[in-house]
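Participant: Once you've had a glance at the structure underneath, I'll fire off some questions.
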Amino acid sequence: MKHLVVVAAAAAALAGCAQDQSELRAWMEQVRASTPPVEERIDPPKRFEPFRYDNVAQIDPFSAEKLAVVFETLQTRPGAGLKPDLNRRREVLEGYPLDTIRMVGHLENGRQKHALLQVDAVVYQARVGNYAGQNFGVITRISETEVLLRELVQDAAGDWVERQSALRLQEGSSK
């Protein structure tokens, strides 16, 4: 008996789906008739004219030979002599970007000054001559409120140039 009631309810529900949809179709036809078609003209695509590189006296800008010539001129021109020492042993603070290193204090023992530099939850002691940051930054001066660094970075031409940076004392803020 229970199954018969369920089957009868399902049949009634399906019968409701098969109702006359002529009203809906009439409304859709009315909307189609009253909506003007969009007639936007699209310009035809521009004709592509290929460029033939015929200057055989010059080096093809897309060849590997061009890179070799540029590399050769970089090797032969006298530079300022600035370049990082890539053969020296890297220090711990060189593994971190300079913006993640915070100065949290300083120590002074006679003439020797040490900066307390924090990375994450670890505090390191650094003195003049130590390296910090990922741009070959060497500490040049330590005061009570800041650490001055000289970094070596490459400019657009590939030459090494010096850049001055500073880490200032972070008072009262802990991460």
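The values are calculated or read from the model by the stated rules, or taken from the named source; none is laboratory data. None of the values given here were measured: they were computed from a predicted structure. Every residue, glycine among them, receives a Cβ derived from its backbone with ideal geometry; neighbour counts consider all protein chains shown.
Participant: Tell me, please, whether a residue that is within 30 Å of GLU162 (Cβ to Cβ) and either modelled with pLDDT under 70 or surrounded by fewer than 10 Cβ atoms within 10 Å (Cβ to Cβ) (or both) can be found in the stretch 46-58.
Facilitator: Here is the first cut: in the stretch 46-58, the residues within 30 Å of GLU162 (Cβ to Cβ) are none.
No, the stretch 46-58 contains no residue that is within 30 Å of GLU162 (Cβ to Cβ) and either modelled with pLDDT under 70 or surrounded by fewer than 10 Cβ atoms within 10 Å (Cβ to Cβ) (or both).
Participant: Let me ask something else. Quick one: in the stretch 111-137, which of the residues that are surrounded by fewer than 18 Cβ atoms within 10 Å (Cβ to Cβ) and among the aliphatic types (A, V, I, L, M) is nearest to ILE101 (Cα to Cα)?
Facilitator: VAL119
Participant: Just checking, does the stretch 150-158 include any residue being buried (at least 16 other Cβ atoms within 10 Å of the Cβ), touching a Ser or Thr at 6+ places or on another chain (Cβ under 6 Å) and either in contact (Cβ under 8 Å) with a residue 40 or more places away in the chain or in a strand (DSSP E or B) (or both)?
Facilitator: yes
Participant: Just give me the residues in the stretch 110-154 being more than 17 Å from VAL92 (Cα to Cα) and over 28 Å from the mean Cα position of the chain (by Cα), in sequence order.
Facilitator: GLY110, ARG111, GLN112, LYS113, THR140, ARG141, ILE142, SER143, GLU144, THR145, GLU146
Participant: Could I ask something else about it? If you take just the strands (runs of 3 or more DSSP E) that sit entirely in the stretch 74-144, which of them hold at least 3 residues that are among the β-branched types (Val, Ile, Thr), under 20 Å from ARG168 (Cβ atoms) and at pLDDT 90 or above?
Facilitator: Values: elements: 102-109, 112-119, 122-126, 137-142.
Qualifying strands (runs of 3 or more DSSP E): 137-142.
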